[in-house]
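Here the structure comes first, spelled out in structure tokens, and everything after it is commentary.
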Amino acid sequence: MTQVTEHGGGVWSLRVPIPDNPLGHTLVHVLDTDRGPVLVDTGWDDPDSWTELNDGLGALGIGIGDVHGVVITHHHPDHHGLSGRVREASGAWIAMHAADTAVVRRTRESDPGTWLDYLARKLAAAGAPEDHLAPLRAARSGGRMRTLPGLGAALPDREIVPGELLGLAGRRLRAVWTPGHTPGHVCLHLEEEHPAGLAGHGRLFSGDHLLPGISPHIGLYEDPDDATVTDPLGDYLDSLERIGRLGVAEVLPAHQHAFADAAGRVRELLDHHEERLAGLLALLTTPLTPWQLAERMEWNRPWDRIPYGSRNIAVSEAEAHIRRLVKLGRAEALTGTEPVAYVAV
Ligand SMILES: [Zn+2]
Ligand SMILES: [Zn+2]
């Protein structure tokens, strides 16, 4: 059954399920404008999710064809997955930050073989053992994995420009660029008085950037064509502080539930990362490759029970933390190691 929550002031959220995923659902927000309803995110591209989205809108008296526009917080499939179907059914525009649109374009154009090579190369450089690399090589030579997730994702036709209003008739919705979880993640600040009179400066659609009970995944920005040494964790921590300073009355995240104390939650997440970096520095008194570090880091289950794909994500997260420590001058690459090992300084 579709669950619709009214947040007041012409804002609702719909729970759109994510199949086979512990997150459970995406909260798709509906924002009433003078030109028609606008969605913030759309949900996973799956027949059941599509039905739920339609039913949820229907409960509000909205047909999918009435949707005027779609604002996407970031390119992940639980947010952007159904955008193409919404556009097909309604002619709605789709807006996204340029950095995430670039990821969508690259994924659509990329050849799975090139991606597998890139992944195998990267994992080998991070110190992944041969038994972890073998399945990638087998998939490559066997010509399996002909499709990549996100291959059919809709190409956005509008750009979300940081700091600017989105130009929604009768509403004040401002884009706040919050890179970290993805390079082009945005939060959307609804600069209007809180409908129930909660103290603070408006409301924030926070996507995956600020969630009440989950610390979002921060890995490397994967781009086979870009050798720039980015610092996603540094970007994330900066973005968090920026969001904390907005002083919003309420946060409307894309998972879990709405909550009020944005600044308190920002503080918790900053402390969490501070502690995690300190813990990793303690591990790096012995030189470790990113893979070895990932094996020793604390996850939600023991390393030997983490599934294959999640290990790749975990290594990417370990690397993002190493990048941060190197940038802070608290760790360095050990010269002459292959794969490269890092050590605390
Ligand atoms: Zn995400
Ligand atoms: Zn998400």
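Can you give me the number of residues within the stretch 1-55 that are charged (D, E, K, R), assigned to a loop (DSSP other than H, G, I, E, B) and in contact with a helix residue (DSSP H, G or I) (Cβ under 9 Å, 6 or more places away or on another chain)?
2
So, restricting to strands (runs of 3 or more DSSP E) that lie completely within the stretch 148-201, which ones have at least 2 residues that are within 16 Å of ligand 1 (Cβ to nearest atom) and in contact with a strand residue (DSSP E or B) (Cβ under 6 Å, 6 or more places away or on another chain)?
186-190
Determine the pairs where a residue that is assigned by TED's automatic domain parsing to the domain that holds Val176 and more than 20 Å from Ala263 (Cα to Cα), located within the stretch 208-223, has a partner that is more than 13 Å from ligand 1 (Cβ to nearest atom) and hydroxyl-bearing (Ser, Thr, Tyr) with Cβ atoms under 8 Å apart, the partner being 6 or more residues away or on another chain.
Short answer, once both residue conditions are applied: Gly219/Ser316; Leu220/Thr230; Leu220/Ser316; Tyr221/Thr230; Glu222/Tyr118; Glu222/Ser316.
Let me spell it out: the conditions are (1) touching a Lys or Arg at 6+ places or on another chain (Cβ under 9 Å); (2) within 16 Å of ligand 2 (Cβ to nearest atom), and Ile214 meets all of them except one. Which number is the exception?
With (1) touching a Lys or Arg at 6+ places or on another chain (Cβ under 9 Å); (2) within 16 Å of ligand 2 (Cβ to nearest atom) applied to Ile214, the lone miss is (1).
Among the residues of the stretch 1-55, which ones are under 20 Å from Ile214 (Cα atoms) and of a type in the set (Gly, Ala, Ser)?
Ser13, Gly24, Gly43
Please count how many residues of the stretch 56-96 are away from ligand 2 (no atom under 16 Å from the Cβ) and either assigned to a helix (DSSP H, G or I) or within 24 Å of His185 (Cβ to Cβ) (or both).
21
List the pairs whose first member sits in the stretch 243-255 and is outside the structural domain of His29 (by TED's automatic domain parsing), whose second member is within 16 Å of ligand 1 (Cβ to nearest atom) and at pLDDT 95 or above, and whose Cβ atoms are under 8 Å apart, counting only residues at least 6 apart or on separate chains?
none
The values are calculated or read from the model by the stated rules, or taken from the named source; none is laboratory data. This is a predicted model, so every value here is computed, not measured. Using ideal geometry, Cβ is built from the backbone for each residue, glycine included, and neighbour counts are taken over all protein chains shown.
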